[in-house]
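Take a look at the structure set out below.
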Amino acid sequence: MKVLIALASIVGFLMVLLPGPLYQFAGVSLGTAFTSLRFGVYVGGAAFILIVLNVLLNRKNIQWSSTLVYAALALVAVAMPVSMMSKASTVPPIHDITTDVTNPPAFVAVAPLREGAPNPITYEGGEVTKQQLEAYPEIKTQLLPQNLEAVLSAAENTIVALGWERAQGALPNTLEATDTTLWFGFKDDVVIRLTPKNNNTLVDVRSKSRVGKSDLGKNAQRINAFFDELRKQLSN
């Protein structure tokens, strides 16, 4: 049983850990990667059950150090995909979030980079807008008490601080950038539009995934992270 536990724990762990790098660097399809994740849960769960049975039936001969390692691997194999599925069930299945749903900032500079991407560059609106407003009521245009030049400079610094790759060729008073996720290397694009209002500045942000129907709430998180960092930069 020890060999079976070791094998199931390690295989389940690798089936969950490796799909991201294999998709990102080895050309494995997204469907194959997600299938590996799903079956990794089953293998990890089986490993965990075997560990529990082994502890109950063979307590006196248990090697606790290796058992704990295998239990940790099995737990990761189960917990990571389950956490993703749980998150998916709590957010709407959308991937385009904007602070201005009536006139969303347009992607220009990153348009060539999105050629061939499954998710088109256009804003769908309709049901997408409805689901966003219900799920993320805090995502809306921000009025900042600084002039456009100050906010533009702070926004440029914010892009750098967040580790995004800035795209050149955006519209005036607009910044565009791409954020690459760590695990799967998904490319999500961001456009930031600044509009002067008296001596203040209106800031609109739009974040859109290139692939995937649901973003698991990532685009909304990214917009909120941008505003948090922007305000920090403006306070410096």
All-pairs alpha carbon distance profile, segment 57-172, 5 Å steps from 0, percent
2, 8, 10, 13, 14, 14, 10, 7, 5, 5, 5, 4, 2, 1, 0
So what are the ³J(HN,Hα) numbers for segment 3-8, from phi and the Karplus equation (6.51, -1.76, 1.60; θ = phi - 60°), rounded to whole Hz, Gly and Pro as x?
5, 5, 4, 4, 5, 5
Measure out, as a whole number of angstrom, how far apart the alpha-carbon centroids of segment 112-145 and segment 176-207 sit.
11 Å
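Provide, as a two-decimal number, the C-alpha radius of gyration of segment 96-235 over 2.2 N^0.38 Å, N being how many residues it has. Numbers along the way, then the final one.
On the way: Rg = 14.2 Å, N = 140, 2.2 N^0.38 = 14.4 Å.
For segment 96-235, the normalised Cα radius of gyration is 0.98.
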Computed [θ] at 222 nm, helices only, for the chain once each DSSP H run of length n ≥ 4 contributes -39500 (n - 2.57)
-17000 deg cm²/dmol
Alpha-carbon centroid distance for the pair segment 208-226 / segment 1-63, whole angstrom:
29 Å
Can you give the convex hull volume per residue for the Cα atoms of segment 1-134, as a whole number of Å³?
146 Å³
Two-decimal Rg/Rh of segment 181-236 from alpha-carbon positions, Kirkwood Rh?
1.06
Quick one: compute a quarter of the convex hull surface over the Cα atoms of the chain and quote it in nm².
15.8 nm²
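We did not get these values from a lab; they are worked out from the coordinates using the rules stated. Here the structure is a predicted model, which means the values were calculated and not measured.
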